[in-house]
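K.L.:
Take a look at the following structure, please.
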Amino acid sequence: MDKTCEMNYKVVDSPLGEIEISACEQGVHEIRLHGRKTPDAGAMEAPPLPELLGCPGEMMAPLKQCVAWLDAYFHEPAALKDLPLPAIHHPVFQRDSFTRQVLWKLLKVVRLGETVSYRQLAALAGRPRAARAVGGAMRTNPLPILIPCHRVVCSSGAVGNYSAGRATKEWLLAHEGRLAEKPSCPGGSRGGGIPRPQPAGGTEDLWE
């Protein structure tokens with residue numbers, strides 16, 4: 001982390017529990033899902049984000065933008081297209097690496113309601129045999145939801161791993177899948193909700 005960064009923090013509520021955002025004046029550093037709620041796939045109503053309704057003028061601009069973006073994501077996703085992505089300033093984005101390349105490609109290419117396999121994302125990043133390295137990049141993603149690592153699934157159709165737990169990943173995919181079914185939201189051949197779960201005890205690679 002840049003030693004010159006003066007960090008600000010905000011904790012907001014969400015259907016997934018508390019979400020902690022850290023940012024400096026140059027951009028957002030991390031989004032942490034504390035996971036103190038068990039996601040309920042049948043409850044899609046999201047509570048308001050109280051920090052956004054408090055004193056947003058006191059927040060640094062990137063922090064304010066990130067809270068607004070998350071508020072739209074949970075409540076009014078159609079508004080996301082009109083919201084700027086908050087600037088990003090985590091160290092992983094300050095140096096050239098495969099992780100940085102994969103995360104940027106995911107952010108730019110895989111849209112709301114779509115999924116991509118680890119193998120497909122590796123190919124998009126220019127290294128088609130690097131599915132396991134893509135899995136490693138997803139594990140170290142400092143900005144979950146904003147950089148949608150939950151949209152990366154197994155080529156077999158299994159949901160695959162997720163740093164905040166598989167139930168959270170399933171909730172996010174269900175949330176976006178239902179949104180993608182609405183006529184106003186663009187859907188693709190890869191959209192449509194949660195990938196079909198695979199039987200336990202098989203030999204599938206969870207990073208393929």
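K.L.:
Please give the number of the condition Ala164 fails out of (1) at pLDDT 95 or above; (2) open to solvent by 20 Å² or more (accessible area, probe 1.4 Å).
P.N.:
Exception for Ala164: condition (1).
K.L.:
Does Cys66 meet the test of being open to solvent by less than 70 Å² (accessible area, probe 1.4 Å), farther than 24 Å from Tyr162 by Cβ and modelled with pLDDT of 90 or more?
P.N.:
no
K.L.:
Does at least one position in the stretch 105-116 carry a residue that is farther than 26 Å from Pro15 by Cα, open to solvent by 40 Å² or more (accessible area, probe 1.4 Å), of a type outside the set (A, V, I, L, M) and part of a loop (DSSP other than H, G, I, E, B)?
P.N.:
Checking the stretch 105-116: not a single residue is farther than 26 Å from Pro15 by Cα, open to solvent by 40 Å² or more (accessible area, probe 1.4 Å), of a type outside the set (A, V, I, L, M) and part of a loop (DSSP other than H, G, I, E, B).
K.L.:
Name every residue in the stretch 80-115 that is of a type in the set (Phe, Trp, Tyr) and touching a Leu at 6+ places or on another chain (Cβ under 8 Å), in order of residue number.
P.N.:
Residue satisfying the conditions is Phe93 alone.
K.L.:
Condition first: of a type in the set (A, V, I, L, M) and surrounded by fewer than 21 Cβ atoms within 10 Å (Cβ to Cβ). Now tell me which residues in the stretch 117-130 satisfy that.
P.N.:
Within the stretch 117-130, Ala123, Leu124, Ala130 meet the criteria.
K.L.:
Restricting to the stretch 132-152, what's the tally of residues that are buried (at least 19 other Cβ atoms within 10 Å of the Cβ), assigned to a helix (DSSP H, G or I) and touching a residue at least 40 places away in the same chain (Cβ under 8 Å)?
P.N.:
4
K.L.:
Can Ala46 be described as modelled with pLDDT of 60 or more and outside the structural domain of Arg139 (by the TED database)?
P.N.:
In short, no.
K.L.:
Which residues, counting only those in the stretch 75-104, are surrounded by fewer than 16 Cβ atoms within 10 Å (Cβ to Cβ) and more than 24 Å from Val12 (Cβ to Cβ)?
P.N.:
Gln94, Arg95, Asp96, Ser97, Gln101, Trp104
K.L.:
Report whether or not Ser155 is open to solvent by 40 Å² or more (accessible area, probe 1.4 Å) and of a type in the set (Ser, Thr, Tyr).
P.N.:
Spelling it out, Ser155 is indeed open to solvent by 40 Å² or more (accessible area, probe 1.4 Å) and of a type in the set (Ser, Thr, Tyr).
The values are calculated or read from the model by the stated rules, or taken from the named source; none is laboratory data. Fair warning: this is a prediction, and the values are worked out from it, not measured in the lab. So basically every Cβ, Gly included, is an ideal-geometry build from the backbone, and we count neighbours across all protein chains shown. Heads up: the accessible areas ignore ligands, DNA and RNA and are worked out on the full protein's heavy atoms, side chains in. Shrake-Rupley method; radii C 1.70, N 1.55, O 1.52, S 1.80 Å.
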